[in-house]
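Enquirer: My structure is below; once you've seen it, I'll send some questions.
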Amino acid sequence: MERISSGQTFFIKRIFPAFWFGFLALFLVIGAATGAWRKEPVFVIQPLLMAAFGFFLFRKLLWDLADEVRDGGNYLLVRRGSVEERIALASVMNVDSSQFTNPRRITLRLRAASKLGDQIVFIPKTSFQLNPFARNPVAEALILRIDRLRNPT
């Protein structure tokens, strides 16, 4: 089975947020240890605002991502955490590829909710492109295969 999700998903989903919140915690600790927050309250307010912003942004864009998606022909094998599910391509209602997010995301809306919910979101593996408006080849291939399953003419 070929993996169609990015190998960077673990870093983007787990390591980057840990660095984000770790840096902000370090900033708070240094501000508290030196007493700078008494003179300038921005040393407390700014990291707290950045942590809140990061939390909501990560919750919306990163923490819903599938850890791994493998292509099995007429189905996809999707894993998020310890939950693994086989999703038939015939049960996919819509394929949406984000154009202007980095990293790009593919969202599969399902006809019926699965153990992973009614949407499967993942970062597709990609190659370097200079054209930011180019279509995602993984999304295009999925769209064509799902269309062939619906209209077998």
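Enquirer: Divide by every residue of the chain the summed helix terms, -39500 (n - 2.57) for each DSSP H run of at least 4, and state the resulting mean residue ellipticity at 222 nm, rounded to the nearest 500 deg cm²/dmol.
Expert: -12000 deg cm²/dmol
Enquirer: Let me ask something additional. Per residue, how much accessible surface does the chain expose to a 1.4 Å probe? Answer in Å², no decimals.
Expert: With the other protein chains kept in place, the chain gives 64 Å² per residue.
Enquirer: Treating only the Cβ atoms of Lys and Arg (+1) and Asp and Glu (-1) as charged, compute the dipole magnitude of the chain about its Cα centre; round to the nearest 20 debye. Numbers along the way, then the final one.
Expert: On the way: 21 positive and 12 negative charges, 15 e Å.
Magnitude of the dipole: close to 80 debye.
Enquirer: Shifting gears a bit: Once the whole set of protein chains is in place, how much accessible area is left on residue 53, using a 1.4 Å probe, in Å² to the nearest 10?
Expert: Approximately 130 Å² for this residue.
Enquirer: Mind ranking 105-114, 67-76, 37-46 by how tightly packed they are, going by the mean number of other C-beta atoms within 10 angstrom, highest first? List each step's numbers first, then the result.
Expert: On the way: 105-114: 15.6, 67-76: 17.1, 37-46: 13.2.
Order by mean packing, descending: 67-76, 105-114, 37-46.
Enquirer: Would you calculate the separation in nanometres between label points at residue 102 and residue 33, each defined as 7 Å from the Cα along the Cα-to-beta-carbon direction?
Expert: My value for the distance between the label points is 3.3 nm.
Enquirer: Would the stretch 10-153 count as rounded, prolate or oblate if I go by the C-alpha gyration tensor, calling it rounded below 1.5 in a/c and otherwise prolate when a/b exceeds b/c, oblate otherwise?
Expert: Verdict is prolate for the stretch 10-153.
Enquirer: Right, something else. Quick check: net charge around residue 105, other residues with Cβ under 12 Å of its Cβ, Lys/Arg +1 and Asp/Glu -1? Walk me through the intermediate numbers first.
Expert: Numbers: positive: 13, 60, 104; negative: 64, 96.
Charge balance near residue 105 sits at +1.
Enquirer: Moving to a separate point now. Using a probe of 1.4 angstrom, how much of the accessible area of the stretch 34-153 is carbon and sulfur, in percent?
Expert: Numbers: 4440 of 7680 Å².
Using a 1.4 Å probe with all protein chains present, the stretch 34-153 comes out at 58 percent carbon and sulfur.
Enquirer: Around residue 20, under 14 Å between beta carbons, what's the net of Lys plus Arg minus Asp minus Glu among the other residues?
Expert: Net of charged neighbours comes to +3.
Enquirer: Mind checking the dipole of the stretch 57-128: about its Cα centre, +1 per Lys or Arg Cβ, -1 per Asp or Glu Cβ, Debye to the nearest 20?
Expert: So the magnitude is around 120 debye.
Enquirer: Return the distance in nm (one decimal) between the two label points of a simple spin-label model at residue 134 and residue 25, each offset 7 Å from Cα along Cα→Cβ.
Expert: Each label point is offset 7 Å from its Cα along the Cβ direction, giving 4.0 nm.
Enquirer: Here's something else I'd like to know. By how many nm would the segment from residue 149 to residue 49 lengthen if fully extended, with 0.36 nm per residue of separation less the alpha-carbon distance?
Expert: 31.2 nm
Enquirer: Need the list of lysines near residue 13 for cross-linking: C-alpha distance under 18 angstrom, and skip anything on the same chain fewer than eight residues off.
Expert: 60, 125
The values are calculated or read from the model by the stated rules, or taken from the named source; none is laboratory data. Everything numeric here is computed off the predicted structure, so don't read it as measured data. Here Cβ is always computed from backbone atoms with ideal geometry, including for glycine, and neighbour counts include all displayed protein chains. For the accessible areas, the whole protein counts, side chains as well, though only heavy atoms, and no ligand, DNA or RNA atoms are used. Shrake-Rupley method; radii C 1.70, N 1.55, O 1.52, S 1.80 Å.
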